[in-house]
Amino acid sequence: MHGRDGFANVNGTQLYYEIAGDGPPLVLIHGFGLDGRMWEAQMAAFTPAYQVIRYDLRGFGRSAVPGVERYTHYEDLQTLLNHLHIERAHILGLSLGGGIAVDFALAYPSMTDHLILAAASALNGFVWPDELAGWFAGFAEAAHSGNMAQAKERWLNCGWFVPAQRQPAVTAHLRQLVADYSGWHFLHKNPVRGLHPPANERLAEIQAPTLVIVGEQDLPFYNHPLADHLAGHIPNAQKVVIPGIGHMVNMEDPPRFNEIVLTFLRQN
């Protein structure tokens, strides 16, 4: 698999990216507390047919942490694609990355070929349950007490990762990603902003064919209702539930996940 990697100076920050493969561009957007390395199994599966771009969001992986200036993830992605001379792409986001993918598709419809929302967990304007707010308050409390290791342990043991930890190899991979995470967001107020008006009020505007993927054992009080909401309000959307797995759909069952994504891209 030939490819290249590097750092792009965009919008006053520095983003790390990797590109490999040939064909139509396909962007992979990772989840919170993780980085582009969560897509290892997808790089191998997708690069024979696609030019795959994975990158670390601002504040994660090898990309720079936010400063005090307001910023948006979707504008970071657009500027990164311009830097790479990519005019349009398929956009695949998981968890936090799903919300960013929605914002991008709304802000830059002419740059979005297909939209794939896997285990989407962030949609600007969609109600965030009290239980999740409590989780993040607990992570921040541990980090602010000087115990970042405990904050990360709480993060790894929250409901999003419990099903994944039935698989030792997936557990080891997740633990490595989280060990390398700076924990910046547990300690700082993030000046990120979403699309305005919020994406949740504008789902009917999305023009790209859309696939919503959710693991059967993902959070019943949040991710499943959100998946139904996205599939019901985006005009050209379909939903697939992958049985027997939880939130980290791409890592818990890579063969099934990859097959679903590739079939969708080929048939639409």
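Highest mean first, what order results for 86-94, 99-107, 258-266 on Cβ atoms within 10 Å?
99-107, 86-94, 258-266
Test of understanding: what is the full-extension gain from Trp135 to Val241, defined as 0.36 nm times their sequence separation minus their Cα-Cα distance?
Numbers: separation 106, 0.36 × 106 = 38.16 nm, distance 2.50 nm.
Once the chain is fully extended between Trp135 and Val241, it gains 35.7 nm.
Obtain the radius of gyration and the Kirkwood radius of the range 97-252 from its C-alpha atoms and give Rg over Rh. List each step's numbers first, then the result.
Values: Rg = 16.3 Å, Rh = 16.7 Å.
Here Rg/Rh amounts to 0.98.
For the peptides 230-242, 166-178, what is the packing order when you average, over each peptide's residues, the other Cβ atoms within 10 Å and list the highest mean first?
Listed from highest to lowest mean packing, they are 230-242, 166-178.
Of Arg54, Arg256, Arg37, which has the largest mean-square fluctuation in a 10 Å C-alpha GNM of the chain?
Most flexible of the set in this elastic network: Arg256.
Output needed: percent of Cα pairs per 10 Å distance bin for the range 1-51, bins running from 0 to the one holding the longest distance.
Whole-percent P(r) values from 0 Å outward: 23, 52, 24, 1.
Taking neighbour counts of Cβ atoms within 10 Å as a proxy for exposure, in what order, fewest first, do Trp160, Trp128 appear? Provide the component values of the computation, followed by the final result.
On the way: Trp160 25, Trp128 12.
With the sparsest Cβ surroundings first, the list reads Trp128, Trp160.
Using only the Cα atoms of the range 1-159, construct the convex hull and provide its projected area averaged over every direction, in square nanometres to one decimal.
On the way: hull surface 39.7 nm².
Computed as one quarter of the Cα hull surface, the answer is 9.9 nm².
Cα centroid distance between the range 231-252 and the range 78-96, in Å?
Centre-to-centre (Cα) distance: 21 Å.
Give me the distance in nm between label points sitting 7 Å out from Cα along the Cα-to-Cβ direction at Arg70 and Ile86, one decimal.
2.8
Given the -39500 (n - 2.57) contribution per DSSP H run of 4+ residues, what per-residue ellipticity at 222 nm results for the chain, rounded to the nearest 500 deg cm²/dmol?
On the way: 10 runs with 100 residues, N = 268.
Result for the chain, helices only: -11000 deg cm²/dmol.
Measuring from the lowest to the highest alpha carbon on each principal axis, how far does the chain reach, largest first, in angstroms?
48, 41, 40
Find the Cα radius of gyration of the range 59-115, compare it with 2.2 N^0.38 Å by division, and give the number to two decimals.
Output field value: 1.14.
Can you compute the modelled spin-label distance between Leu187 and Asp5, with each label point 7 Å from Cα toward Cβ, in nm?
Roughly 2.4 nm, to one decimal.
Compute the length gained on full extension between Thr171 and Trp128: take 0.36 nm times their separation in residues and subtract their Cα-Cα distance, giving the result in nm to one decimal.
Extra length available between Thr171 and Trp128 comes to 12.8 nm.
Note the direction-averaged projected area, equal to a quarter of the hull surface, for the Cα convex hull of the range 96-168, in nm².
That works out to 6.8 nm², a quarter of the Cα hull's surface.
How large is the Kirkwood hydrodynamic radius of the range 166-232, in angstrom, based on all distinct alpha carbon pairs?
15.6
Using a Förster distance of 45 angstrom, determine the FRET efficiency expected from the C-beta separation of Glu153 and Ala49, and round it to 0.05.
For Glu153 and Ala49, the calculated efficiency is 0.70.
Bear in mind that the values in this text are calculations on the coordinates, not laboratory data. Not measured: the values here are computed from a predicted model. FYI the Cβ positions are ideal-geometry reconstructions off the backbone, even for glycines, and counts take in every protein chain you see.
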